[in-house]
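Engineer: Sharing a structure here in structure tokens format.
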Amino acid sequence: MDRESTLTAPRKYFASNKSGASADYGIIKFGNPDDHVITVHGFMDDAASCTEVVEALNTNACKETNGQQCLNPYSCIALNQ
């Protein structure tokens, strides 16, 4: 499987297949939709759950650089509505 198909497969699936009642979310790095690192789905409120995961990832990223580069690299994007 090539890189493009690996990156687009989750996006294509979730664009037409919502899991549960709320929109599903992807966690991306540095605002780049092609750097999709985690999919959040199956929670009562996927947006809130995504935010919780992103906050933990960003806290960890800051700790890894000893507070020197706290850029909050991770963010959530809706994959469907």
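The values are calculated or read from the model by the stated rules, or taken from the named source; none is laboratory data. What you see is a predicted model, and the numbers here were worked out from it, not measured in a lab. Here Cβ is always computed from backbone atoms with ideal geometry, including for glycine, and neighbour counts include all displayed protein chains. Protein only, heavy atoms only, side chains kept; ligands, DNA and RNA dropped before computing areas. Shrake-Rupley method; radii C 1.70, N 1.55, O 1.52, S 1.80 Å.
Engineer: Given the condition more than 13 Å from the chain's Cα centre (by Cα) and of a type outside the set (D, E), answer yes or no: does some residue in segment 25-33 qualify?
Structural biologist: No.
Engineer: Shifting gears a bit: Pairs under 9 Å by beta carbon, first residue assigned to a helix (DSSP H, G or I) and small (G, A, S) in segment 56-81, partner at pLDDT 85 or above and open to solvent by 50 Å² or more (accessible area, probe 1.4 Å), six or more apart or different chains?
Structural biologist: A61/L71; A61/N72
Engineer: Which count do you get for residues in segment 14-40 that are without any contact (Cβ under 8 Å) to a residue 40 or more places away in the chain, touching an Asp or Glu at 6+ places or on another chain (Cβ under 8 Å) and assigned to a strand (DSSP E or B)?
Structural biologist: Residues that pass the stated criteria total 1.
Engineer: Ok, one more. Out of all the residues in segment 8-26, which are polar (S, T, N, Q), at pLDDT 80 or above and open to solvent by less than 50 Å² (accessible area, probe 1.4 Å)?
Structural biologist: S19, S22
Engineer: Also: List the number of the failed condition for D45; all other conditions in (1) in contact (Cβ under 8 Å) with a residue 12 or more places away in the chain; (2) closer than 22 Å to A9 by Cβ hold.
Structural biologist: Going through the list (1) in contact (Cβ under 8 Å) with a residue 12 or more places away in the chain; (2) closer than 22 Å to A9 by Cβ, D45 breaks only (2).
Engineer: Scan N80, N58 and give me the residue that is in contact with a Lys or Arg (Cβ under 6 Å, 6 or more places away or on another chain), of a type outside the set (A, V, I, L, M) and open to solvent by less than 70 Å² (accessible area, probe 1.4 Å).
Structural biologist: N80
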